Amino acid sequence: MDLKFNAEERAFQDEVRSFIAKNLTDEMKRATALTPSVFSDPDIGMAWQRALHKQGWGAPGWPVEHGGPAWTPAQRWIFETESARAGVPNVNVMGVKMVGPVIIGFGSPEQKNFYLPRILSGEDYWCQGYSEPGSGSDLSSLKTRAVRDGDDYVINGTKIWTTHAHHANRMFALVRTSDGPRQQDGISFILIDMKTPGITTRPILTIGGDHEVNQVFFDDVRVPVANRVGEEGKGWTYGKYLLEFERGSGIASAKLREGLKAIADLAESDLTGRAIDSPDIAFRISEVEVDIDALEMTELRVLSALQTGQNPGAVSSILKLRNSEIRQAVTRLGVDVIGHDALAVEPMRPLYKLNHEPPTPEEMLTVVPEYLNGRAYTIFGGTSEIQRDIIAKMMLGI
Amino acid sequence: MDLNLSDEQRLLRESAERFVAGSYNADHRRKMANDPLGFSPAVWKQFAELGWLALPLPEEFDGLGGGAVEIGILMEAFGRGLVSEPYVATVVLGAALIARCGTNEQKQASLPKIADGTLKLAFAHSERAARFDLAKVATSATRTTQGWRLAGSKIAVLDGHAADEIIVSALMHDHHGPSGRIGLFVVPATAPGLAISDYPRLGGGRACNIELSDVNLPEDALLGDGHDALPAIEWAIDRAMAALGAEAVGIMQTLLDTTLDYTKIRKQFGRPLSANQVIRHRLADMAMQVDEARSMALRAALKVDAAPTERARAASGAKAKIGKCARFVGEQSIQLHGGMGVTEELEVGAYFKRLVASDTLFGGSAHHYARHAELGRKA
């Protein structure tokens, strides 16, 4: 057993560091630090995706034949960790990490040839059509319906919490093509061009002041049957496969550590009157740091199992839950550290392009919005309550 | 980077788990709870035969050269059986201090005898007025013509009643008064002036308070050459905290398994307790905390030989986090067993009490979060 990286892994670490040093501009870095929502805006995020793609690193988890870099689990860990340390843009995961693996796993050769290169290069920008106003945790109760009409499906219904639908040119969606004996039956996985007539998007502002999610309406939207991935009625299986990617992408501790470091730096600064001198704040910083240490070790244990081809088992279902809870703890601490500056609201977005003097020092601008938006961490991708159900079922067998 | 067990480590785990499952059961534990010694000399002999007493000792002194990870593997299995033999006192603390601080002659005199089971040790450091401050030692060691004279009081000495020799920390005084240096002195259990009052320890085993009334010792009772021993004490206790963390993981895992089984069998309102979401979620939280504790114990073990600040932060982080997890898992295990959980008729309480004792020993969560924070600011 050893926590240290070997010579090859250290060489790779150097390679990642020098790639980042060469490609990460100050503008991207500042924009990322000043983005209080989950993903960077497309101009920033896709600029980074293009740089990664040029290096051959556009899709770390994909097989080599589709453009993946054939990294070991340890290399993926190093890549994610170095990226977090450097503060690279948060590329929207809907393309590379979510719809990509589904197309690779279940798509037709034509779909693979058409979509995968466009995901890699950042030419296409994807959003996810899963949740509906009446179908949250009980996702398979979804009602958006696709009715066969010749070579098309005609889609009617609505999707909600659609992250970056207002930027996306494509959506992957779960729609109902028939009514089966179980509500999970009769769901199909469809790829939709967002410019198709009949699609409208309504912005939803979240409590942190950001426009990241939307509601999308479908009014007699015609989508070619050729845009269905896999078999008709099997969409639930594909959708679940994808949700496992969303939950288990699992290398989160480095980003949490950077988030905590930013808060700890503020606590040690005169900007907060040295909040850290309050024993209560110092104590809580340690408490969160230790939680991050524990999560990091669990991630490394999963990674070690993967390295030797073992199945890490249900332990990975813990990762999403702890990651989201710790992220919230970091943002909660942030609000308490900045004290009276938490009263100030900066309504303009993006925060990195303000044309006026902001109400607080720049280092604090994202603190309250991140805390408020961050309430969603334990809701999206399966609520914490759903995660606990999964842990009870998969890990404990009850 | 590799956190998989090696083949040797896997074998060690299997043999430890097999031993504990075979030799340690509720009857044995009940017997030990009422035993004046608190553990079984026959089991101690078996530990020696299995090589566990030699496990972390240096190879040149009949040891096996194992590290903190191996100790952790053993301690986790000990936790599952609530083993009460004086392993931490003799091997994890006592032997480590001699191996680190002793002269070659001192090591030669002690370590092979620890390995073969003929020498048991204890470490007397804590004092009432010091609370958890390792640097605060009032017990004095004064120069005499023959060697040293020790005077003072120690509390919470693990297994001191069973030790052949007790390693006592004392502030060294020279002709000008206190030197500011702490020395470690090997005191034979039979030394005149040494009074030991032992008591049954919370969660099994025994501990004692010690009075040293002018205990005269020869020159070579001092371990090593008289350098300040505080860094070695901090190092040894950080290692012991990693070991206690692994033991707590074994205890918590047993409590989780037992509680899970119980909630499947116990029926109320016509269905098993585990059919209730509130119970399933509680158990999910317990499972998660056992896993977090497992990660922290391993992390502390892997960092025992790191630079002092890194090592100490890992040890304190683990002690704080594991203590917090242990209280939650232990308290909830009792809660989910209902009234039976509060009785001595089940063993849930015995396991819980051992967790409380481990949490308290060398300082609880609050102390170690504070130490973690303090060391973080200096770094």
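Within segment A:60-77, can you find the residues that are of a type in the set (A, V, I, L, M) and at pLDDT below 95? Outline the logic, then answer.
Pass one, segment A:60-77, residues of a type in the set (A, V, I, L, M): A:64, A:70, A:74.
Across segment A:60-77, the qualifying residues are A:Ala70, A:Ala74.
Before we move on, is A:Glu325 within 30 Å of A:Ile386 (Cβ to Cβ), within 9 Å of chain B (Cβ to nearest Cβ) and either within 23 Å of the chain's Cα centre (by Cα) or touching a residue at least 60 places away in the same chain (Cβ under 8 Å) (or both)? Talk me through it step by step, then tell me what you get.
Working: within 30 Å of A:Ile386 (Cβ to Cβ): yes; within 9 Å of chain B (Cβ to nearest Cβ): no; either within 23 Å of the chain's Cα centre (by Cα) or touching a residue at least 60 places away in the same chain (Cβ under 8 Å) (or both): yes.
Answer is no for this residue.
Please verify whether segment A:116-139 includes one or more residues that are loosely packed, with under 15 Cβ neighbours inside 10 Å, over 24 Å from A:Val93 (Cβ atoms) and without any contact (Cβ under 8 Å) to a residue 24 or more places away in the chain.
yes
How many residues does segment B:328-355 hold that are within 14 Å of another protein chain (Cβ to nearest Cβ), surrounded by fewer than 24 Cβ atoms within 10 Å (Cβ to Cβ) and either in contact with an Asp or Glu (Cβ under 7 Å, 6 or more places away or on another chain) or among the aliphatic types (A, V, I, L, M) (or both)?
Going through segment B:328-355 one residue at a time, the tally reaches 1.
Of everything in segment B:252-292 that's among the β-branched types (Val, Ile, Thr) and without any contact (Cβ under 8 Å) to a residue 24 or more places away in the chain, which residue is surrounded by the fewest Cβ atoms within 10 Å (Cβ to Cβ)?
To start, the set of residues in segment B:252-292 that are among the β-branched types (Val, Ile, Thr) comprises B:254, B:258-259, B:263, B:265, B:278-279, B:290.
With without any contact (Cβ under 8 Å) to a residue 24 or more places away in the chain added as a condition, the list becomes B:265, B:278.
On the way: B:Ile265: 9, B:Val278: 7.
Once the filter is applied, the top-ranked residue is B:Val278.
Name the strands (runs of 3 or more DSSP E) wholly inside segment B:115-198 in which the number of residues that are of a type in the set (Gly, Ala, Ser) and buried (at least 24 other Cβ atoms within 10 Å of the Cβ) is 2 or more. Give the steps one after another, and end with the answer.
Numbers: elements: B:121-124, B:140-143, B:147-158, B:165-174, B:177-188.
Strands (runs of 3 or more DSSP E) meeting the threshold: B:121-124, B:165-174.
What is the residue count in segment B:285-300 for residues that are at the interface with another protein chain (Cβ under 7 Å from one of its Cβ atoms), hydrophobic (A, V, I, L, M, F, W, C) and over 20 Å from the mean Cα position of the chain (by Cα)?
Total satisfying the criteria: 2.
Taking the condition of being surrounded by fewer than 20 Cβ atoms within 10 Å (Cβ to Cβ), in a helix (DSSP H, G or I) and more than 13 Å from the chain's Cα centre (by Cα), how many residues in segment A:76-100 meet it?
Counting residues in segment A:76-100 that are surrounded by fewer than 20 Cβ atoms within 10 Å (Cβ to Cβ), in a helix (DSSP H, G or I) and more than 13 Å from the chain's Cα centre (by Cα) gives 5.
Please find, within segment B:6-37, the residue that is farthest from B:Val348 (Cα to Cα) out of those that are within 14 Å of chain A (Cβ to nearest Cβ) and buried (at least 16 other Cβ atoms within 10 Å of the Cβ).
Step one: list which residues in segment B:6-37 are within 14 Å of chain A (Cβ to nearest Cβ), which gives B:6-10, B:12-13.
Applying the additional criterion that residues be buried (at least 16 other Cβ atoms within 10 Å of the Cβ) yields B:9, B:12-13.
On the way: B:Gln9: 29, B:Leu12: 27, B:Arg13: 24 Å.
Among those residues, the one meeting the criterion is B:Gln9.
Considering only residues that are farther than 19 Å from A:Thr163 by Cβ, of a type in the set (A, V, I, L, M, F, W, C) and surrounded by 15 or more Cβ atoms within 10 Å (Cβ to Cβ), which ones fall in segment A:4-33? So that I can check it myself, show each step before the final result.
Step one: list which residues in segment A:4-33 are farther than 19 Å from A:Thr163 by Cβ, which gives A:4-30, A:33.
Now narrow it down to the ones that are of a type in the set (A, V, I, L, M, F, W, C): A:5, A:7, A:11-12, A:16, A:19-21, A:24, A:28, A:33.
Selection gives A:Phe5, A:Phe12, A:Val16, A:Phe19, A:Ile20, A:Leu24, A:Met28, A:Ala33.
Please work out if B:Ala318 is surrounded by 20 or more Cβ atoms within 10 Å (Cβ to Cβ), closer than 23 Å to B:Ala130 by Cβ and small (Gly, Ala, Ser).
On the way: surrounded by 20 or more Cβ atoms within 10 Å (Cβ to Cβ): yes; closer than 23 Å to B:Ala130 by Cβ: yes; small (Gly, Ala, Ser): yes.
Considered against the rule, which asks whether it is surrounded by 20 or more Cβ atoms within 10 Å (Cβ to Cβ), closer than 23 Å to B:Ala130 by Cβ and small (Gly, Ala, Ser), B:Ala318 comes out as yes.
Return the residue satisfying two criteria in turn: it lies in segment A:348-398 and is part of a helix (DSSP H, G or I) and polar (S, T, N, Q), and of such residues it is farthest from the other protein chains (Cβ to nearest Cβ).
A:Asn373
Checking A:Thr272 against (1) buried (at least 20 other Cβ atoms within 10 Å of the Cβ); (2) of a type in the set (Val, Ile, Thr); (3) within 10 Å of chain B (Cβ to nearest Cβ), only one condition comes out false. Which one?
(3)
Among the numbered criteria (1) of a type in the set (Phe, Trp, Tyr); (2) within 14 Å of chain B (Cβ to nearest Cβ); (3) in contact (Cβ under 8 Å) with a residue 60 or more places away in the chain; (4) in a loop (DSSP other than H, G, I, E, B), which one does A:Trp71 miss?
In the conditions (1) of a type in the set (Phe, Trp, Tyr); (2) within 14 Å of chain B (Cβ to nearest Cβ); (3) in contact (Cβ under 8 Å) with a residue 60 or more places away in the chain; (4) in a loop (DSSP other than H, G, I, E, B), A:Trp71 misses (3) alone.
Among the residues of segment A:348-360, which ones are of a type outside the set (A, V, I, L, M, F, W, C) and exposed (fewer than 14 other Cβ atoms within 10 Å of the Cβ)? Let's see the steps before the verdict.
So the first thing to find is which residues in segment A:348-360 are of a type outside the set (A, V, I, L, M, F, W, C), and the list is A:349-350, A:352-353, A:355-360.
Across segment A:348-360, the qualifying residues are A:Lys353, A:Asn355, A:His356, A:Glu357, A:Pro359.
Kindly evaluate B:Leu361 against the criterion of being farther than 16 Å from B:Ala240 by Cα, away from every other protein chain (no Cβ under 11 Å) and either touching a residue at least 40 places away in the same chain (Cβ under 8 Å) or touching a helix residue (DSSP H, G or I) at 6+ places or on another chain (Cβ under 6 Å) (or both).
Details: farther than 16 Å from B:Ala240 by Cα: no; away from every other protein chain (no Cβ under 11 Å): yes; either touching a residue at least 40 places away in the same chain (Cβ under 8 Å) or touching a helix residue (DSSP H, G or I) at 6+ places or on another chain (Cβ under 6 Å) (or both): yes.
No, not satisfied.
If you scan segment B:358-379, which residues turn out to be under 16 Å from the mean Cα position of the chain (by Cα) and either on the phi > 0 side of the Ramachandran plot or surrounded by fewer than 18 Cβ atoms within 10 Å (Cβ to Cβ) (or both)?
Correct list: B:Thr360, B:Phe362, B:Gly363.
Scan segment A:301-314 for residues that are surrounded by fewer than 23 Cβ atoms within 10 Å (Cβ to Cβ) and within 20 Å of the chain's Cα centre (by Cα) and report the count. Spell out the reasoning first.
Initial filter on segment A:301-314 (surrounded by fewer than 23 Cβ atoms within 10 Å (Cβ to Cβ)): A:301, A:303-314.
Add one more test, that the residue is within 20 Å of the chain's Cα centre (by Cα), and what stays is A:303.
Residues meeting the conditions: 1.
Between B:Gly226, B:Gly250, which is modelled with pLDDT under 95, away from chain A (no Cβ under 14 Å) and in contact with a Gly (Cβ under 8 Å, 6 or more places away or on another chain)?
Details: B:Gly250 fails: modelled with pLDDT under 95.
Matching residue, one of B:Gly226, B:Gly250: B:Gly226.
Could you check, for segment A:118-139, whether at least one of its residues is more than 22 Å from the chain's Cα centre (by Cα), assigned to a helix (DSSP H, G or I) and at pLDDT 95 or above?
Residues of segment A:118-139 more than 22 Å from the chain's Cα centre (by Cα): A:134.
Now drop any that are not assigned to a helix (DSSP H, G or I), which leaves none.
No, the conditions are met nowhere in segment A:118-139.
Quick one: in segment A:275-300, of everything that is over 28 Å from the mean Cα position of the chain (by Cα) and either part of a helix (DSSP H, G or I) or at the interface with chain B (Cβ under 9 Å from one of its Cβ atoms) (or both), which residue is modelled with the lowest pLDDT? Break it down stepwise before answering.
Just the residues of segment A:275-300 that are over 28 Å from the mean Cα position of the chain (by Cα), to begin with: A:275-283.
Narrowing the set further to residues that are either part of a helix (DSSP H, G or I) or at the interface with chain B (Cβ under 9 Å from one of its Cβ atoms) (or both) leaves A:275-277, A:279-283.
Details: A:Ala275: 97, A:Ile276: 96, A:Asp277: 95, A:Pro279: 91, A:Asp280: 94, A:Ile281: 97, A:Ala282: 96, A:Phe283: 96.
Ranking the candidates gives A:Pro279 first.
The values are calculated or read from the model by the stated rules, or taken from the named source; none is laboratory data. Owing to the predicted nature of the structure, the values given are computational and were not obtained by experimental measurement. As a convention, Cβ positions derive from the backbone with ideal geometry for all residues, glycine included, and neighbour counts pool all protein chains shown.
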